[in-house]
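For reference, the structure discussed in these notes is given below.
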Amino acid sequence: MKNKKTKAILTSNQMIIVYIMIVLSVLIGTKNSAFFDFSTVITLCRVALVTLIFALAEMLVIVSGGIDVSFPAIACLTLYLPVFLETKIWKIDNVVLIFVLAVVFGLAIGAFNAWMISIMGIPPLIATLGTSSIINGALMATTSGKEISNLPASMDALYSSYFFTYTAPSGMTYSLSVLFIVPVIFIILTALLLRKTMLGRGIFAIGGDRNAAKVAGFNVRKIQFFVYMAVGAMTGIAGVCSCILARTAHPTNLMGSEMMVIAAVVVGGTRITGGHGTVIGTVLGVFLIALIENNLIMMGVPTYWQSFVVGLVIVLGTSITSLRAKKIAQSAKV
Amino acid sequence: MEKIKNSIKNMDNSIKTLWLMVIIVLVIMLILDAANFFTFQNLRSMVFQFPEFGIMAFGMMICMISGGIDLSLVGIANLSGIICVEIVLNLNGSIGFVPSAVLGYAAALAVGALCGLFNGFMIGYLKIPAMLVTLCGLELFKGLGEAITTGPALTGLPDAYKLLGNGDFFSIPFVIIPFLIVVIAVSFIMRSTVYGQQVYFMGTNNEAARYSGINCFKTTELTYMISGILGGVCGIIITSHFNSAKSDYGTSYTLLTLLIVVLGGLNPDGGKGKVSGVLLAIILLQLISNAFSILQLDSSLKQLVYGALLIGSLLVNIMRERVALKRETRLAAAKE
Amino acid sequence: MEGIKKSFGGVHALRGVNLEVKKGEIHCLAGENGCGKSTLIKVISGAHDADEGKMWIDGKEVSKLKPIDAIHMGIQVIYQDFAVFPNMTVAENIAMNHELMTGAKIMDWKQAHALAKEAMDEVGADIDPDILLERLSIANKQLVAICRAIINDAKLLILDEPTTALTSKEVDKLWEILQNLKKKGIAIMIVNHKLDEIYQIADTLTIMRNGKYISHGAIGEYDRARFIHDMTGRDFVETKYSPAPSDEVIFEVEHLSRKHAFHDVSFQMKKGDVLGITGLLGSGRGEIGDALFGIAPAEEGTIKLNGKEIQIRSIDDAMKNGIAYVPEDRLTQGLFLERSILDNTMAASIKKYFMKGKLNYGKMEEATDAWIQKIGVVTPSSKPPIKTLSGGNQQKVVIAKWLNTDPRLLILNGPTVGVDIGAKYDIHAMLHELAEKGVGIIIISDDLSELVQNCNQMIVMQHGIVKGHLSNSVSEDELSSALSASGVPAKEAAAQ
């Protein structure tokens, strides 16, 4: 029994990602020895910070059997609007308020999504695509793509706050922003939610078999509202973090990142059909994609091949996850 | 008069809504800017614009009827366009424009078919959900296009290349020809071929279709291949229109084609849909798009309107169904 | 419950049902498929609200019940599809209801394990509690569902057709468990339509037909005749099908085998024969049909149609050789509910109507109208969607769909399940007519009276091998006993 379990863990989706990451790291390292340095870890963390939050949120939705492609748009709105209000209208400087506003806007849009999907029965892909277009169109029309580069001082203060600074042998310094605590907190919260609370188990339940969940006594509507609103709130926070790190509030920069995030989630072992997914897998998926994206140049891949390579990784990752699911469905039953 | 009244009653609900919306847009434009909108010049400019997304919408339509979806069409179009332009650019000097264009066009269609084959394999054989496959496909094809062009647009095409997308024959734009061919072809295929009927059956109930002797894998492959070829046709038209090729032209068309098929009466779950509905929806969206430019409204407002229309039309459909169900239940209970 | 009425958008599912179940009693709700049993259960469990009528639980009147309320009041339902979560472990599935019932916000994994072990001990199951449910066999999934139900101090336990997927040994085990629960004072309601099983286990019963309440009483008040009369609305008429004898062998199968399904199956059909294949689920009866139609082809053996040996490796092969198959699950495998009667009738033979470069709708309409006439479907035209037809008429159209392909061999799996008595009669008459014309007819069924009255030859399958060839000179009781004798477990037999 013990051997079977160890074998299962060693061949699990998560471990495969780890193997790939090790192989890739070796490949990159042999071309560029500067890679094997603690600075790489810091860079990866910085690059993956916002994506981690997005991916955790998206994982919740996909596990529940739905999908949400409106999150980049929500993030754009929640990073731009509060900054706009504070700098242009109210003329105040309060970073806490920015976060609060972001969460409120995120929750509101999430509730709208949930209403369309859970109560009106519109397919999640189409509903969230609609929301995304409405928000994006509104933002573009009102801002014409102009960013606000003078952020409130309190936001900049967060930008300049670090956990620690590390000096590499090359002399360059790398710092890990305090904002990294945000995805870490979300990782812990999400893991606890999914594993330890009935609400979390409910998310798995409706993803596994919505009807069974209903007759078992789960409040399907409540769970769906929670999931989409959680996505709203989390992406709200992610948007503000991204704005702080970029030192500018750009109304449309984050658009187009849906694919990357969904890819990270699916590569991490979450099934697109719902009911299966782990926090560890998602985190690994994010780091794998970040590793690849960030180091393609070091691996000798010219910039214009990058989209294709990442696309290929997504296709491979999703194929493997789907094939595994298919194999299980067709295997002999106990 | 009776005949007209009857035919209105018998019309599909979604077609009725479409006609209503067309009339509303026309009336609004009549009030706001009749002078610029209702001109032959304007009509002509509209006809130049809708074929490229209209043909794509038909690709989306077939995939949706089969129970799937094709979100990768923009990627396929751009990739095919890029390959076509590469061929013309490289061979124009040696073998002349017409042969190189013919080769280029053929290659574009072949690329479209291959992309479709890839999609169809993942969906039909590996049984990965169509939404995920085609979203991934979009990235993949776009990425391939980017890799070939190394980023910037491919330019330097001979002037003759522009003709298809921008030229006309006695004031009738050339592009209307491929569009009409596609409309007639798709119409015929869906209504009068064995394959067409099998697509409807497969989209209605995949398992029952299999049990009725329909080869679902072959049907799926054919469906996405046709969609891919239509994407290739769009690629040819788009590159001719812009007289250049790039990996990210027409990214707004993904949302637009989805909106068109939904407005056109297609059920996202599959099994339903007619060419007439999609055709009317294409015309409607072109009218709206054109109204935006005539009224000089911000084009990003278009995106907002499209998103709102997408959600709005589905809400209307769902409410209508609920009311109908309630009415039927009440009637049945009263009968007891 | 009294006077319960429930309608769905024009389809009357329940028209005035009365029901009463007492503590410590096993009550059987009997009725043919489609009589409204499932809808009634959904009303009891709170998944649906009744349009009219009253319901009392423990003497208290209830209305607008939500599933969680019903569970709190002690009502536990085990559905036909078990309503279990394939993506969760056995332990979690078993503990699920308990967690929900106690309104817990936190998931206690240790307690889940303990509860699971407790339930499995009581039920006598031995399944790894950490295994995901999607990996379990159907019988084990059902055991998990039962464990889940008894964990919660159920007052009323409802089982919806619990024996469909069980072997006879497992059925006996189930009865044992239920008797134990009954002694503890739990009220048990079993939905079933199999006469023999009802006699084995029920104390009292209620019979429903076409959504209406027909009768109820203690099991002793029902003899076979009354039972069948109440269930079907007709008196039991013993007829048997006896074709003119013939020497022409139209279909032959020799040493047909497929691993884990069936082994060394051989039989011969002569002109006029209607062959019945029966056996408990898992005996290989359905699997032979799947093999002959190419859904899950055989690995060994020969198939000869009209004297010529043929290979069947796919559905396409089967259809090319003129083999047709009416599947078991009409709703998911046989019908395109939203499409018209015309479409459904033509679905398997569209190729025939491709003439002069396009589909000939005129001829399709003609053919469909002809079939509608011939098989006696009640409908004003072929245009309405097929979902507007009754179960019996729908099944007739499915059969017509296959008859339109001019088959030489027609296999039907459960042809009259959920079909009203009139349509049943019509369908059987049609099949006799076809058989006499020389079309081979194979009926796979577990409906003993259907088999005895309509098949002149029968094969009884057990654990993958042919246990006996019978002719229709046997009676239903004899057939029943031939079915239920126990034997060697399926895997061992098929692997030999």
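The values are calculated or read from the model by the stated rules, or taken from the named source; none is laboratory data. Since we're looking at a predicted model, the values are computed, not measured. Backbone-built Cβ (ideal geometry, glycine too); neighbour counts: all protein chains shown.
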* Structure fact -> Note on region A:195-250: residues under 22 Å from the mean Cα position of the chain (by Cα), among the charged types (D, E, K, R) and either within 14 Å of another protein chain (Cβ to nearest Cβ) or buried (at least 24 other Cβ atoms within 10 Å of the Cβ) (or both) are A:ARG195, A:LYS196, A:ARG201
* Asked: Just to be sure, is A:PHE204 of a type in the set (Phe, Trp, Tyr), in a loop (DSSP other than H, G, I, E, B) and over 26 Å from A:GLY311 (Cα atoms)?
  -> no
* Asked: Which condition number does C:ILE228 fail, the rest of (1) buried (at least 18 other Cβ atoms within 10 Å of the Cβ); (2) in contact (Cβ under 8 Å) with a residue 24 or more places away in the chain being met?
  -> (1)
* Matching helices (runs of 4 or more DSSP H) fully within region C:292-383 where at least 2 residues are at pLDDT below 90 -> C:361-375
* Can you tell me which residues in region C:338-351 are under 20 Å from C:PRO384 (Cβ atoms) and more than 7 Å from chain B (Cβ to nearest Cβ)? -> C:SER340, C:ILE341, C:LEU342, C:ASP343, C:ASN344, C:THR345, C:MET346
* Does C:ALA125 qualify as being of a type in the set (A, V, I, L, M) and in contact (Cβ under 8 Å) with a residue 60 or more places away in the chain? -> no
* Please go through region B:123-166 and pick out each residue that is of a type outside the set (Lys, Arg) and more than 14 Å from chain A (Cβ to nearest Cβ). => B:THR155, B:GLY156, B:LEU157, B:PRO158, B:ASP159, B:ALA160, B:TYR161, B:LEU163, B:LEU164, B:GLY165, B:ASN166
* Within region B:167-178, is even one residue without any contact (Cβ under 8 Å) to a residue 24 or more places away in the chain, part of a helix (DSSP H, G or I), exposed (fewer than 15 other Cβ atoms within 10 Å of the Cβ) and away from chain A (no Cβ under 14 Å)? -> yes
* Asked: Hey, B:ASN290 hits all of (1) over 15 Å from B:LEU18 (Cα atoms); (2) part of a loop (DSSP other than H, G, I, E, B) but one; which does it fall short on?
  -> (2)
* Qualifying position, being part of a helix (DSSP H, G or I) and at pLDDT 90 or above, among A:GLU86, A:GLU58 -> A:GLU58
* Which residue, of A:TYR228, A:TYR166, is outside any helix (DSSP H, G or I) and touching a residue at least 24 places away in the same chain (Cβ under 8 Å)? -> A:TYR166
* Asked: Can you pull out the helices (runs of 4 or more DSSP H) entirely within region B:5-114 that have at least 1 residues that are of a type in the set (Val, Ile, Thr) and without any contact (Cβ under 8 Å) to a residue 40 or more places away in the chain?
  -> B:13-37, B:73-95
* Asked: Identify, please: which residue in region C:304-329 is of a type outside the set (S, T, N, Q) and over 28 Å from the mean Cα position of the chain (by Cα) and is, among those, farthest from the other protein chains (Cβ to nearest Cβ)?
  -> C:GLY307
* Asked: Quick check, is A:ILE320 closer than 30 Å to C:ASN140 by Cα, touching a residue at least 12 places away in the same chain (Cβ under 8 Å), within 14 Å of chain B (Cβ to nearest Cβ) and more than 20 Å from the chain's Cα centre (by Cα)?
  -> yes
* Asked: Which condition breaks for C:MET355 when tested against (1) away from chain B (no Cβ under 14 Å); (2) without any contact (Cβ under 8 Å) to a residue 12 or more places away in the chain?
  -> (1)
* Please specify each residue of region C:183-214 satisfying the condition of being surrounded by fewer than 17 Cβ atoms within 10 Å (Cβ to Cβ) and in contact with an Asp or Glu (Cβ under 6 Å, 6 or more places away or on another chain). => C:ASP203
* Asked: Can you pull out the residues in region C:108-139 that are more than 14 Å from chain A (Cβ to nearest Cβ), farther than 23 Å from C:GLU161 by Cα and crowded, with 19+ Cβ neighbours inside 10 Å?
  -> C:LEU115, C:ALA116
* Where residues in region C:152-197 are under 30 Å from C:ASP69 (Cβ atoms) and of a type in the set (Val, Ile, Thr), which of them is nearest to the chain's Cα centre (by Cα)? -> C:THR164
* So which residues in region A:297-334 are buried (at least 16 other Cβ atoms within 10 Å of the Cβ) and of a type in the set (Lys, Arg)? -> A:ARG324
* **Pair list, Cβ under 8 Å, 6 or more apart: region A:128-144 residue at the interface with another protein chain (Cβ under 7 Å from one of its Cβ atoms) and touching a residue at least 40 places away in the same chain (Cβ under 8 Å), other residue of a type in the set (D, E, K, R) and buried (at least 24 other Cβ atoms within 10 Å of the Cβ)** => none
* Asked: Consider C:THR102 against the criteria (1) facing chain A (nearest Cβ under 10 Å); (2) more than 27 Å from C:LEU29 (Cα to Cα); (3) crowded, with 18+ Cβ neighbours inside 10 Å; (4) polar (S, T, N, Q): it satisfies all of them except one. Which criterion is unmet?
  -> (3)
* To do: Quick one: in region B:185-226, of everything that is of a type in the set (D, E, K, R) and within 22 Å of C:ILE399 (Cα to Cα), which residue is nearest to the other protein chains (Cβ to nearest Cβ)?
  => B:GLU207
* Do you know which of the residues in region B:303-336 that are in contact (Cβ under 8 Å) with a residue 24 or more places away in the chain and more than 7 Å from every other protein chain (Cβ to nearest Cβ) is farthest from B:SER252 (Cα to Cα)? -> B:ARG320
* To do: Output the number of the condition that C:PRO407 fails; it satisfies all remaining conditions of (1) at pLDDT 90 or above; (2) touching a Gly at 6+ places or on another chain (Cβ under 7 Å); (3) not in a loop (DSSP other than H, G, I, E, B).
  => (3)
* To do: Being under 17 Å from the mean Cα position of the chain (by Cα), more than 11 Å from chain B (Cβ to nearest Cβ) and crowded, with 18+ Cβ neighbours inside 10 Å narrows it down to one of A:ASN294, A:ASN253, so name that one.
  => A:ASN253
